[in-house]
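The values are calculated or read from the model by the stated rules, or taken from the named source; none is laboratory data. All of these numbers come straight from a predicted model, not from anything done at the bench. Here the Cβ positions follow ideal geometry from the backbone for every residue, glycine too, while neighbour counts run over all protein chains shown.
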Amino acid sequence: MTKTRTFVAIAALLTLGMLPVLIAPAGAQQTDRAKQIGGKLVCGVGTSLCNCKQILTQCNHVGCMNSSMMLKTLDEKVAKGDAEESIVQAFILEFGREVLAEPPKSGFSLIAWLMPSFYLLAGAALVIFVISRWRKRPAAEAAATSQAAMALPPELLARARAEATRATED
Amino acid sequence: MDVFGSFALLLALVCGVYAFAGGIAAIITRHPLLVKSTRQAGMATCVLVFIGTFSLEYLFFTDNFASAYVVSHSNKDLSTFYKIAALWSGMEGSLLFWSFILSIYVLSVLIAYRNKNGELMPYVGVVMAGVQTFFLLLNNFVESPFKSLAAPGANGIMNLVARSDGNGLNPLLQYPEMVIHPPNLYSGYTGFTIPFAFALGALLARYPGEKWIHLTRKWAMIAWMFQSMGIMLGAHWAYAVLGWGGYWGWDPVENASLLPWLTGTAFLHSVMMQEKRGMMKVWNVWLVFCTFMLCILGTFLTRSGVVSSVHAFAQSNIGPWFVGFISLTFLTCLVAYLKNRDYLKSENQLDSVISRESSFLFNNLLFLVACIAVLSGTLFPVFSEWFTGDRISVGAPFFNKVDIPIGLLILFLTGVGPLLAWRKTSPDSLKRNFGWPLAFAAVCATVAFALGFRKPYSLICLYLCLFVAATIVLEFYRGATVIRARSGASYPACVIDLTMRNTRRYGGYIIHMGMVFVFVGLSGAAFNKDVQKGMRFGESMHIGPYTLVLQTSDTKPNPNYTAQRMVVEVLRDNQPMMILNPEKRHFLTAKEENGTMVAIYSTLKEDLYVVFAGDDPETNLPVIHAFLNPLVKWIWFGGVLVVFGTLTALMPNRRAVLVLAGTTQPAAAHPAAQPLPSSVSLREGHD
């Protein structure tokens, strides 16, 4: 009963902590359109000028030959009121799919998105399997282990202490 | 001096090969003289590498422009400070520097254990010599830093020539952090060679007990600390120098440094499972192996041109060498494991799911998934091109989406893990340890929300940071209270006493607190603002609570560059606060490159970050780019705290707290003269 109450209390506190997140207005402080679209593109692709491949709006390549040119094009398209989709398509037509800062969620690139989740799930399954296997060990064996440890004579304990001290002082 | 240095490196290779091959022979024959001579050959290798490295530095200091490497990376007006850094600024020198740092580690190990662990050290020596030999092969035959300039003479024969001045050092590297960042990062990369050598050596030697873990742990912590410092300094350099307002861009070179850090962190946690419970032996050995291989992979990625990065060294043909070495290392590890895997059987079992052991398992899982996510994202463009012929980019948006949730889960476990008891945690203990921190974090997060901290990820991050910080503070408070009840000393004195009694445990908490600070800083990134404007003198721009007025500009001469400085007055509530001087530097070398110098006004709340972005090509007006980056200072404080915590954990306990580990062996026959059973080990207290 105490155990259940403890878990309920912890769950309640966790929920209270998460409450602000659940009711937070989505995209309450959006950046302007050009920054938003530029954040989805990289510079330095499809050209021999430079090969920096930095996020277009955050290019940290000092003296980058591409970003200013691409940003200017982007600003012009945004000023014209072009839709985001058509702006991105125009950049893809000019520089290829490499201009997209993240891989598309289709075709072969989908693997890039699925891999981390797959590893996390497979890893979690493995951890659960390991835990359950470790827990299946007979209780008698575990008890014998701790009894054997407790049955160590004082001389051996003293020597082990001295050895451990030496080892940990290295 | 170039011939001298070149010869020293060649001799070092000969000694390295002898230490490696002779070491194997010594293991087989067990001849004491052979063991001794190979150890001394290992030491000689290190000394010769030092001589080779100092020879190259001497060429820089004496402006020897007959040396191709010096011509490419230095010039007469380069200050002495940066002539030191010029050593590792190019491919050849950086690989020599790798060998140099590795030699410091190897020599330290060979000296520290020259009369200890006689059965294990020959194996360790062979592994270290193998790694050294590989890098010395590169230093001598693939990327030698001692090439001289030559030109064909009238008779068609090549003659040695010297230039009057060099091309100069890359301007981006001419900052104090670039002098200390690479040595730190290299110390991290190379440092993991030592735990690797001990792990592989212990496996090959079937070295009994957990002693190799004791011996390795401190070396792993040292390497981890340097890796952390290297990453932090690199981030700070990117922030303070590159002028883009950020500190981490998920660039392949940055990612390469993060990979071994992630697995190294996992190892430093899971190693406690082996020390305390004799569990996860296979896992630990493979974590050390993987960490070392990731260090080599990182060195490969930054130098091979496999992945494109603005921070990478020039493309070269060393790729196949590294692929061969990594493959050989993996095969050696696999064979050693398959041959001796019965030696790595777990001694204990899990008593409860809610226990420290489980939290370590999940902690390791998350670190490893984070590592795989970063690695696969970094290499995915290469795979995509191989399999589909389609070139794609995997940039920051991908890594942020994938790694932020994993990072938050790790942060959650940072708070939970240390408070769970070994074996089993009772509900009462859960309530006692987590009740107040959860309540405190919930209340504070609600207040933060009310004050405008409303981005979901940032708010979750802040909530978890507060929770973890509260659990750590509570741990220190409880421990100090017990000491205070006995001694009557002040709380700060009791906290110091408590920490010194169990440096590893409380040093670990300090590291966790440092990571909390780092996460607090990262959570601020969601609220960054920036404004860019071409400005006339006297004109102003506004960002957050600040008004920036461009007053004038001036020129600052320096022997190596000319700086064009903007004089920007900062006002807050119409009150003058300070003058900031962002500048653009024009380097007077053959390449005539430019660099930036960002002006930053940093507070705990936010950084006002001002960049002179050059002149607008159409209007010719100076362009000022101002950023307001909240909480960035917390990241650097966090980094300092991580280093301080690691140093604390490396200190010996003032009074050893010893904990008896379980044993599966009968304790009946054990006369005092007999060696201790391998499973009986009394370890440093770290509950």
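For the range B:427-462, filtering for residues that are part of a loop (DSSP other than H, G, I, E, B) and at the interface with another protein chain (Cβ under 7 Å from one of its Cβ atoms) leaves 1. Residues that are within 14 Å of chain A (Cβ to nearest Cβ), over 18 Å from A:C64 (Cα atoms) and surrounded by fewer than 15 Cβ atoms within 10 Å (Cβ to Cβ): does the range B:622-629 have at least one? No; the residues of the range B:622-629 include none that is within 14 Å of chain A (Cβ to nearest Cβ), over 18 Å from A:C64 (Cα atoms) and surrounded by fewer than 15 Cβ atoms within 10 Å (Cβ to Cβ).
The rows are residues; the columns are (1) in contact with a Pro (Cβ under 8 Å, 6 or more places away or on another chain); (2) part of a helix (DSSP H, G or I); (3) closer than 17 Å to B:V179 by Cβ.
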position	(1), (2), (3)
B:L34	no, yes, no
B:S37	no, yes, no
B:M43	no, yes, no
B:T53	no, yes, yes
B:L56	yes, yes, yes
B:F60	no, yes, yes
B:Y82	no, yes, yes
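Among residues of the range A:93-109 being part of a helix (DSSP H, G or I) and within 11 Å of another protein chain (Cβ to nearest Cβ), the one that is surrounded by the most Cβ atoms within 10 Å (Cβ to Cβ) is A:V99.
Determine whether the range B:552-570 contains at least one residue that is under 18 Å from B:G645 (Cβ atoms) and surrounded by fewer than 18 Cβ atoms within 10 Å (Cβ to Cβ). No, because not a single residue in the range B:552-570 is under 18 Å from B:G645 (Cβ atoms) and surrounded by fewer than 18 Cβ atoms within 10 Å (Cβ to Cβ). Within the range B:623-645, being small (G, A, S) and assigned to a helix (DSSP H, G or I) holds for B:G638, B:G639, B:G645. Can you find a residue in the range B:413-426 that is part of a loop (DSSP other than H, G, I, E, B), of a type in the set (V, I, T), surrounded by fewer than 19 Cβ atoms within 10 Å (Cβ to Cβ) and within 13 Å of chain A (Cβ to nearest Cβ)? No, every residue in the range B:413-426 fails to be part of a loop (DSSP other than H, G, I, E, B), of a type in the set (V, I, T), surrounded by fewer than 19 Cβ atoms within 10 Å (Cβ to Cβ) and within 13 Å of chain A (Cβ to nearest Cβ). Somewhere in the range B:606-620, is a residue under 20 Å from B:G521 (Cα atoms), among the hydrophobic types (A, V, I, L, M, F, W, C) and either at pLDDT 95 or above or in the same structural domain as B:F537 (by TED's automatic domain parsing) (or both)? Yes: one or more hits. All conditions in (1) surrounded by fewer than 17 Cβ atoms within 10 Å (Cβ to Cβ); (2) at pLDDT 85 or above hold for B:F367, with the sole exception of (1).
The listed residues are B:L34, B:L59, and the only one of them that is touching a helix residue (DSSP H, G or I) at 6+ places or on another chain (Cβ under 9 Å) and either at pLDDT 95 or above or surrounded by 20 or more Cβ atoms within 10 Å (Cβ to Cβ) (or both) turns out to be B:L59.
For B:L498, state whether it is touching a Ser or Thr at 6+ places or on another chain (Cβ under 6 Å) and either in contact (Cβ under 8 Å) with a residue 12 or more places away in the chain or not in a helix (DSSP H, G or I) (or both). The answer is no for B:L498.
One residue alone among B:T471, B:T446 is more than 27 Å from the chain's Cα centre (by Cα) and polar (S, T, N, Q), and that residue is B:T446.
Report whether or not B:V570 is over 30 Å from B:A441 (Cα atoms) and either hydrophobic (A, V, I, L, M, F, W, C) or at pLDDT 95 or above (or both). Answer is yes for this residue.
Per-residue answers, yes or no, for (1) in a helix (DSSP H, G or I); (2) in the same structural domain as B:Y58 (by TED's automatic domain parsing); (3) under 25 Å from B:K339 (Cα atoms):
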site	(1), (2), (3)
B:F134	yes, yes, yes
B:P145	no, yes, no
B:S164	no, yes, no
B:H181	yes, no, no
B:Y186	yes, no, no
B:A202	yes, no, yes
B:W212	yes, no, yes
B:R217	yes, no, yes
B:M232	yes, no, no
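Scanning the range B:509-530 turns up one or more residues that are in a strand (DSSP E or B) and surrounded by 13 or more Cβ atoms within 10 Å (Cβ to Cβ). Mind listing whichever residues of the range A:128-160 are surrounded by fewer than 15 Cβ atoms within 10 Å (Cβ to Cβ), modelled with pLDDT of 60 or more and within 7 Å of chain B (Cβ to nearest Cβ)? Result: A:R135, A:E155.
The residue that is nearest to the other protein chains (Cβ to nearest Cβ), counting only those in the range A:63-92 that are surrounded by fewer than 19 Cβ atoms within 10 Å (Cβ to Cβ) and outside any helix (DSSP H, G or I), is A:G63. Please determine whether any residue of the range B:368-388 is under 30 Å from B:R206 (Cα atoms) and in contact with a His (Cβ under 6 Å, 6 or more places away or on another chain). Among the residues of the range B:368-388, not one is under 30 Å from B:R206 (Cα atoms) and in contact with a His (Cβ under 6 Å, 6 or more places away or on another chain), which makes the answer no. Restricting attention to the range B:375-398, the residues being in a helix (DSSP H, G or I) and facing another protein chain (nearest Cβ under 9 Å) number 11. If I filter the range B:67-84 down to residues being surrounded by 16 or more Cβ atoms within 10 Å (Cβ to Cβ) and hydrophobic (A, V, I, L, M, F, W, C), which single residue comes out as farthest from B:Q174 (Cα to Cα)? The extreme case among them is B:A68.
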